[in-house]
Amino acid sequence: MKLYTHLLFSTGLLTLLGTTLTHHFYASLLFSGVVASIGNTLIDRLGHETRYFSGREVIRRTPLTHTVPRSVMWGVIPAVIITGLYYLTFNQLTPRIIELTIISLLNGPSHMLLDAFTERGIYRKVNGKWRRVALAHFRYNDLAVNSLASLTGILMLFVAMQLTHPYYYSYYP
């Protein structure tokens, strides 16, 4: 999947879960947006290597970041850094920031979920060797699949906003 798809989907998922737990939409959106953008960029930049075959540039995923257990670590690193900076600045940790940090454990697995739908899939260790696993075999730049995942992320953002800001329409004054 494209990076913008990972960003929208992860931000939507983390914001929805964060708003459900903390009941603060804007704090969840800000924290989730920063964590999702840094975490997904880390996973993609560190987990792709470039090789040249017959004069062509070929980019491939590596097991460094594209396994589920390792993606949890790479996805939570930005949240731990933000939480540490928050503690150094304010000398306290609020329950809200701790809950958001725990929710950010799903940043990496959400990236892996989307990558599992691409042709090359993600890595899994079987009998000591890395094997690729794919749930579907869509191209990474397939417009329809990227649009569907992006719209799902945007829909999760709207649902999260409705959890804290419900609108009741009264037609009778």
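None of the figures in this text is laboratory data; all of them are computed from the coordinates on show. Only a predicted model underlies this, so the values are computations on that prediction, with no experimental measurement involved. Every residue, glycine as well, gets a Cβ built from its backbone with ideal geometry; the counts of neighbours run over all protein chains shown.
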GNM result for the chain, Cα springs below 10 Å: residue of His23, His66, His137 fluctuating most strongly: His137
Stokes-Einstein D for the range 1-80, Kirkwood Rh over Cα pairs, 4 °C, 1.567 mPa s (µm²/s): 95 µm²/s
Helical contribution to [θ] at 222 nm, DSSP H n ≥ 4, -39,500 (n - 2.57), averaged over the chain, rounded to 500: -20500 deg cm²/dmol
Gaussian network model of the chain, springs between alpha carbon atoms under 10 Å - residue of Asn91, Asn40, Asn141 with greatest fluctuation: Asn91
Three-way shape label, the range 97-173, alpha-carbon gyration tensor, a/c 1.5: oblate
Percent of C-alpha pairs per 5 Å bin, the range 87-127, short to long: 5, 18, 16, 14, 12, 10, 9, 9, 6, 1
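Excluding Arg120 itself, what net charge comes from residues whose Cβ is under 11 Å from its Cβ, given Lys and Arg +1 and Asp and Glu -1?
Overall, the nearby charge balance is +2.
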Fewest-first ranking of Ser54, Ser28, using other Cβ atoms within 10 Å as the exposure measure: Ser54, Ser28
Antiparallel content of DSSP bridges confined to the range 3-147, in %, to 5: 90 percent
Degrees separating the helix 3-22 axis from the principal Cα axis of the chain, which is the longest one: 40 degrees
For the chain, built as a Gaussian network whose Cα springs stay under 10 Å, the top-fluctuating residue of Tyr26, Tyr140, Tyr52: Tyr52
Distance between the range 1-79 and the range 83-156 - C-alpha centres, whole angstrom: 5 Å
Label assignment, Cα extents along the principal axes in Å derived from the structure, set (1) 62, 29, 23; (2) 71, 46, 32; (3) 66, 34, 25: (2)
